[in-house]
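The values are calculated or read from the model by the stated rules, or taken from the named source; none is laboratory data. Treat the numbers as computed from the prediction; the structure is a model and nothing was measured. Every residue, glycine as well, gets a Cβ built from its backbone with ideal geometry; the counts of neighbours run over all protein chains shown.
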Amino acid sequence: MLEKQLLQKLYYTEKLSMLEIAKVLSLTPATVKYWMDRHQLNRRSGSDSAYVKQNPEGDPFAIKGSLTNRDRELFICALMLYWAEGSRKNKHVIQIANLDRRMLLLFTRFLKTICGVREEKICLTVQLFRKFDVSKTKNYWSRELGITKRFIKVNIHTDIRSKPNQQWSQYGIARIEVRNVKLKQWLDSALEKYLTKWL
């Protein structure tokens, strides 16, 4: 007999899959499934299982519970920036793009301060004109936004019709990304709640 408490510990607490539980206990997956059903233990959906695999240490963020007045101002500013400049098409990714470092700095602070997103989960992608310096660009955005250079990717803009004097900035247009479906859902919900309050 496979004890219910053991299954709960392995499946819910340690977040092992049924296949992993079978390997750990030297059982067949069918046996584990039988006892999961016998103990009426709810199984994760496919999307939930994928999320656990991608985030084995749990959510890579921690929403701040109690906000100061300054936190609230930052929160509202970030919501409005996300509404105006963010992309809401991809349900798995938070994205906001601009060439104004102040917008991106404010949103980065929001992600770190209010959302508690771990630094390694915040990525920056820069679209840069082919004749501009990649190293200088990485240094600039790393310094301005406080993002480690290894999390900054530069894509070279190769349109031969473009000229250096036609570019808005020598440091390109930057896009902040955080890939996490739960955080994306929370942010979309927070924005809708705020808009509903005022509109």
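Worth pointing out:
- Residues in region 85-134 that are outside any helix (DSSP H, G or I) and basic (Lys, Arg): Arg88, Lys89, Lys91, Arg118, Arg130, Lys131.
- As a summary of the residue check, Thr28 satisfies the conditions (1) loosely packed, with under 14 Cβ neighbours inside 10 Å; (2) of a type outside the set (Phe, Trp, Tyr); (3) in the same structural domain as Glu177 (by TED's automatic domain parsing); (4) in contact with a helix residue (DSSP H, G or I) (Cβ under 8 Å, 6 or more places away or on another chain) except for the one numbered (3).
- Verdict on Ser17 being among the small types (Gly, Ala, Ser) and surrounded by 13 or more Cβ atoms within 10 Å (Cβ to Cβ): yes
- Any hit, region 33-40, residues being more than 30 Å from the chain's Cα centre (by Cα) and either in the same structural domain as Asn180 (by TED's automatic domain parsing) or acidic (Asp, Glu) (or both): yes
- Tally, over region 21-50, of residues that are within 26 Å of Glu120 (Cβ to Cβ) and either assigned to a loop (DSSP other than H, G, I, E, B) or at pLDDT 90 or above (or both): 1
- Residue match in region 55-69 (condition: more than 30 Å from Tyr12 (Cβ to Cβ) and surrounded by 12 or more Cβ atoms within 10 Å (Cβ to Cβ)): yes
- Restricting Gly86, Gly58, Gly65, Gly46 to those that are closer than 30 Å to Asp100 by Cβ and either free of Cβ contacts under 8 Å to residues at least 40 places away in the same chain or in contact with a Ser or Thr (Cβ under 9 Å, 6 or more places away or on another chain) (or both) reduces the list to Gly86.
- Within region 135-178, the set of residues being in a helix (DSSP H, G or I) and either among the charged types (D, E, K, R) or at pLDDT below 90 (or both) comprises Lys136, Lys138, Arg143, Glu144, Lys149, Arg150, Pro164, Asn165, Gln166.
- Per this entry, Lys53 is not counted among residues that are part of a helix (DSSP H, G or I), under 12 Å from the mean Cα position of the chain (by Cα) and not hydrophobic (A, V, I, L, M, F, W, C).
- Subset of region 104-133 [at pLDDT 95 or above, out of contact with any Phe, Trp or Tyr (no Cβ under 7 Å at 6 or more places or on another chain) and among the aliphatic types (A, V, I, L, M)]: Leu104, Leu105, Leu106, Leu111
- Residues in region 56-84 that are under 15 Å from the mean Cα position of the chain (by Cα) and part of a loop (DSSP other than H, G, I, E, B) were compared, and the one that is farthest from Leu7 (Cα to Cα) is Ile63.
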